[in-house]
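Mind looking over this structure? Questions follow.
The values are calculated or read from the model by the stated rules, or taken from the named source; none is laboratory data. If you're wondering where the values come from, they're calculated on a predicted model, not measured in any experiment. Neighbour counts are summed over all protein chains in view; Cβ atoms, including those assigned to glycine, are modelled from backbone coordinates with ideal geometry. SASA here: full protein model, heavy atoms, side chains in, ligands and nucleic acids out. Shrake-Rupley method; radii C 1.70, N 1.55, O 1.52, S 1.80 Å.
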Amino acid sequence: MKTRLFVDMDGTLARFHDEVNYLERMWEPGFFLGLQPFDTVVEAIKMLAARSSIDVYILSSAIPNASRCTAEKNAWLDSYLPEIRLERRIFPTVGASKVSAVPGGIGADDCLLDDYNRPLREWAAAGGVSIKCHNNINQRGTGAYGGDRGNLWTGPIIHVDDRPEDIFEDLLAQLLPDVEG
């Protein structure tokens, strides 16, 4: 069975939190489509998607009762990551467990790359590999995206400011630890 990498979008591939009033504006038409990419992470994911030993999926929460959200996220992916086919794009409702959205359940080789600690912890508890995407706001230890107050993520981390090649190598080392890059 191939290794599967599930990648979050908002805060991991797309610069969600850079938008002014993002929590209010995400209900506006065009919000998700207009998000700027974390170019380094997008490029690293393209490199991983090109490997025959890794199946890359998108696993990104969508706001409820807004089919526009999923349509915009798909259009964003068509623009920035067309390598990820439509059937490998999964959009559970915000608040729903990402673990339960995975086809066939999570295996020990399945990996989640996300910027938010809660799904990372749930993923690890279900037996998968969790990697934190450290972006510009989420490792402060102040609650919410920083994790529990004062409780920073201590597992594997990639940094959006690293070079794409370094992110690729770091992810590859977690996904296929017995294979040289």
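Rounded to the nearest 500, what is the 222 nm mean residue ellipticity of the chain from helices alone, with -39500 (n - 2.57) per DSSP H run of 4+ residues and division by all residues? Don't jump to the answer; show the numbers that get you there.
Details: 5 runs with 50 residues, N = 181.
Calculated at 222 nm, the ellipticity per residue is -8000 deg cm²/dmol.
Between E165 and I90, what is the spin-label point distance in nm, taking each point 7 Å from the Cα along the Cα→C-beta axis?
3.3 nm
Give me the 1.4 Å probe accessible area per residue for the chain, excluding ligands and nucleic acids, in Å².
Averaged over the residues of the chain, the accessible area is 47 Å².
Restricting to the chain, what percent of DSSP beta bridges are antiparallel, rounded to 5?
The answer is about 5 percent antiparallel.
Give me the net charge for the shell around L33: Cβ to Cβ below 14 angstrom, other residues only, Lys and Arg +1, Asp and Glu -1.
-1
Select one label from [x] 23; [y] 31; [z] 19: the one whose number is percent of Cα pairs over 26 Å apart as derived from the coordinates shown.
[x]
Can you pull the percent of the chain's accessible area that's carbon plus sulfur, 1.4 Å probe, other chains left in place?
51 percent
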